[in-house]
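The values are calculated or read from the model by the stated rules, or taken from the named source; none is laboratory data. Note that the structure is a prediction, hence the values are computed from the model and not measured. So basically every Cβ, Gly included, is an ideal-geometry build from the backbone, and we count neighbours across all protein chains shown. Surface areas here come from the heavy atoms of the whole protein model, side chains and all, with no ligands, DNA or RNA. Shrake-Rupley method; radii C 1.70, N 1.55, O 1.52, S 1.80 Å.
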Amino acid sequence: MIQVFCPNLHYIRTEEVSDSGLTVISSIEKGIVSAMLYRDGKKVNSWSKGYEIEAGEKEEKRLVKRTIYELLKQETGLRPQWGLLTGVRPAKIISGLLAEGKSQQDCLDYLTKEYLVMGHKAKLALTVAKAEQKILGENKPKDISLYIGIPFCPTRCLYCSFTAYPLAQYKNRVDEYLNAMFKELDFLAEYSKGFDMKNIYIGGGTPTSLTEEQLERLLKKVETLFDTHNIEYTVEAGRPDTITKEKLRLMKEYGVNRISINPQTMNEETLKRIGRRHSVEDIRRVFYEARELGHENINMDLILGLPGEEPHDVENTMEEILKLAPDNVTVHTLAVKRASRLKEEFDQHTLATAQALEKMLSIAADYAKRMGMEPYYMYRQKNMVGNFENVGYCYPGKEGVYNVQIMEEKQTVLAVGAGASTKTVDPHTDRIERIFNVKSVEDYISRIDEMIERKKEGLPKGGLQ
């Protein structure tokens, strides 16, 4: 809760009031929930209220959060739009309530009254929950998805914290990496014969940073091992400076039916600032080439709140996106990740205020509506500037089903590659187990047998026939 009001500041848990900086102390005693704020050891503010506290840790935590929220709202003058909600999936709360038989109005009232979520955000969560339920309602117990990780990029973007390695440094090991990954794929292909593969997602990094020959090797391997007909098959083409007409043709030839071309912004100066080696014109060219070659489901990722950008820059980006008319637009709010260059260089950049970001999100939502798109999935992250959200918009029937599955954790997702995480979901109990791969490319190549062994031990035994 404190991070909502004081993002990107370092904090520690303590039992005592510190002599320097801010200290927040919270307590529950005899039905009174209190929060006190100290600056450099001196008490400067407090907030408390009496409640009839129901038994249970969840309710106690909510009341402590609410008290800290009221204290810091009073101190800072900020009113976070998501209220007390700090979790990744706001729509999940509504899905749970709807499953209990609550009405849509009950769900909205619950978010606005119990969690102090602002009305328009509660309505967004309800819209997304209904769209997700439609997708998740089609899940069958034997359905699974597959993630294939290509952890290479031409350069590292300013805001990136993913497992991604500069291609120039690793180009002599890419084939070795693919060989190791194919071994892991062979094992999972055998394992998955007991299931129905519904989605395959090749992500990264930047999968199209592979050469044309390497990309074809990968696509051919997938085609050999899995039935790619009648499934959602996505390649995150990502950066336009890695996409060629031949790569687009290969993806089409091997049955890829959903691609991402991710500009992040359509402003030239920002592209340079964030470390992208392509122009706005490159984005347009690659997009039109993809359409020419028959790609009918193209997603474009955007990031709002990039250093130096104002609402008018977002308006310019959305105007350009409107002209291109992609099938999906995923609107991210900038998050300052611990492992990113942006975090290291934080003092060198000017980031948007919460008020400016609110306006940017509103501009993006208005343009999505003008394009005939509806929100279908949403998630939130720690350290998001302004504590907002990421939203996927699309035309009806163009939803990225894999995105919903990975976010709502209702389906097992097998994963191969460095840094990839397999997530198994028990369809009867919703119990989730994770099996992690090592992040380092060198370790992944040298320890591939160990990665396969981890899966042999961790995957439910019902898959192998």
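Quick notes on this structure:
- Of all accessible heavy-atom area on the chain, the percent that carbon and sulfur account for (1.4 Å): 48
- Working from the Cα coordinates of region 353-441, the gyration tensor eigenvalues give, after taking √(5λ), semi-axes of 30, 18, 12 Å in decreasing order.
- Short-range pairs are left out: with C-alpha atoms under 8 Å and at least six residues apart, the relative contact order of the chain is 16 percent.
- Placing dummy labels 7 Å off each Cα toward the beta-carbon, the span from Glu315 to Lys43 is 4.9 nm.
- q = 0.10, 0.14, 0.23 Å⁻¹: log10 I(q)/I(0) that the Debye formula gives for region 34-157, counting C-alpha atoms only: -0.51, -0.81, -1.32
- The length gained by stretching the chain between Asp426 and Arg454 to full extension, at 0.36 nm per residue less their Cα-Cα distance, is 8.3 nm.
- The length gained on full extension between Phe436 and Lys123, counted as 0.36 nm times the residue separation minus their Cα-Cα distance, comes to 109.1 nm.
- Chain lengthening between Asp109 and Asp196 when straightened (0.36 nm per residue, less Cα-Cα): 27.4 nm
- Number of Lys pairs (Cα under 25 Å; 8 or more positions apart or on different chains) in region 175-269: 18
- Solvent-accessible area per residue for region 113-251 (1.4 angstrom probe, square angstrom): 41
- Taking all C-alpha pairs of region 58-107, those more than 16 Å from each other amount to 54 percent.
- ³J(HN,Hα) computed for each position of region 365-374 - Karplus, 6.51 cos²θ - 1.76 cosθ + 1.60, integer Hz, glycine/proline x: 5, 5, 5, 4, 5, 4, 7, x, 9, 10
- Put simply, the C-alpha atoms of region 1-78 give a gyration tensor, and the ellipsoid matching it has half-axes of 22, 13, 12 Å, longest first.
- All C-alpha to C-alpha distances of region 371-422, sorted into 10 Å bins beginning at zero, yield P(r) values of 21, 37, 36, 6 percent in whole numbers.
- Alpha carbon convex hull of the chain, volume per residue in cubic angstrom: 162
- Helical runs (DSSP H, four residues minimum) scored at -39500 (n - 2.57) apiece and divided by the length of the chain put the mean residue ellipticity at 222 nm at -11500 deg cm²/dmol.
- Inter-site label distance for Leu293 and Glu213 at 7 Å from Cα along Cβ, in nm: 1.9
- Rg over Rh for region 230-305 works out to 0.99, both radii taken from alpha-carbon positions and Rh defined as the Kirkwood radius.
- Taking all Cα-Cα distances within region 206-274, those exceeding 17 Å account for 44%.
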